[in-house]
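Q: Supplied in structure tokens, the structure appears directly below.
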Amino acid sequence: MSSVVRLLRAPLLADTPYAYAATAPADARLVFLAGACPLEDDGTTTAPGDYAAQAARCVETLQGALTAAGATLTDVISTRVLVASSAQRDLVTAWDVVHAAFGPHDVPSTLLGVTVLGYDDQLVEIEAVAALPADRA
């Protein structure tokens, strides 16, 4: 099934590993997802101290929420990746995992270093918005 999301490049701006913008038709149904957290099925936090493992679990959680909404990663129109660190290397570690999961669907994204996230030992969280055809439930 083809996505209604159209990624827009900005060739006059710096080359980046993500699209600068994305659009969806006016009649698209938007899906606003809660922040995907690195939680195991028992509610514990995945791999305390491991940015890459937590980012990977966040992607799995995001995919599960998208599935529940009838969507996939290619329906995502934007993301915000939150990383509990002031070290750029930690942000990049998490970003590399998220970026790899999205592959060629390199949606507009914001990568932020934050002071703290909501769960014990949580280092990464991914917020996303998806767009679906109006007739897709």
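Q: Evaluate Rg over Rh across the chain, taking Cα atoms for both radii and Kirkwood's formula for Rh.
A: Ratio of gyration radius to Kirkwood radius: 0.98.
Q: Round to a whole number: what % of the accessible area of the chain belongs to carbon and sulfur, probe 1.4 Å?
A: C and S fraction of accessible area: 55 percent.
Q: Report the per residue volume, in Å³, of the convex hull enclosing the C-alpha atoms of region 47-88.
A: Per residue, the Cα convex hull of region 47-88 comes to 87 Å³.
Q: Per residue, how many Å² of accessible area does the chain show with a 1.4 Å probe?
A: 53 Å²
Q: Related question: Fully extended, how many nm does the chain gain between VAL92 and GLN63 (0.36 nm per residue separation, minus their Cα-Cα distance)?
A: 8.3 nm
Q: Among DSSP beta bridges lying fully in the chain, give the percent that are antiparallel, nearest 5.
A: If I count the DSSP bridges inside the chain, around 75 percent turn out antiparallel.
Q: Mind grabbing the base-10 log of I(q)/I(0) for region 36-107 at q = 0.11, 0.12, 0.15 Å⁻¹? Debye formula, identical points on the C-alpha positions, no solvent, two decimal places.
A: The computed values of log10 I(q)/I(0) come out as -0.27, -0.32, -0.49.
Q: Follow-up question, since we're still on this one. Can you pull the one-decimal nm distance between simple spin-label points at ALA21 and GLU40, each 7 Å off the Cα toward Cβ?
A: Computed distance between label sites ALA21 and GLU40 equals 4.5 nm.
Q: Taking all pairs of distinct Cα atoms, average 1/r, flip it, and tell me the Kirkwood hydrodynamic radius of region 1-74 in Å to one decimal place.
A: Evaluated on region 1-74, it is 14.8 Å.
Q: ASP120 versus ALA14, label points 7 Å from Cα toward the beta carbon: distance in nm?
A: So the label points at ASP120 and ALA14 sit 4.0 nm apart.
Q: Expressed as a whole number of Å, what is the distance separating the alpha-carbon centroids of region 1-47 and region 75-92?
A: Rounded to whole Å, the Cα centres lie 12 Å apart.
Q: Something else: 222 nm [θ] for the chain, helices only, -39500 (n - 2.57) per DSSP H run of 4+, per residue, to 500?
A: Result for the chain: -8000 deg cm²/dmol, rounded to the nearest 500.
The values are calculated or read from the model by the stated rules, or taken from the named source; none is laboratory data. Quantities reported herein were computed from a predicted structural model and do not represent experimental measurements. Here Cβ is always computed from backbone atoms with ideal geometry, including for glycine, and neighbour counts include all displayed protein chains. These area figures cover heavy atoms from the full protein model, side chains too; ligands, DNA and RNA do not enter into them. Shrake-Rupley method; radii C 1.70, N 1.55, O 1.52, S 1.80 Å.
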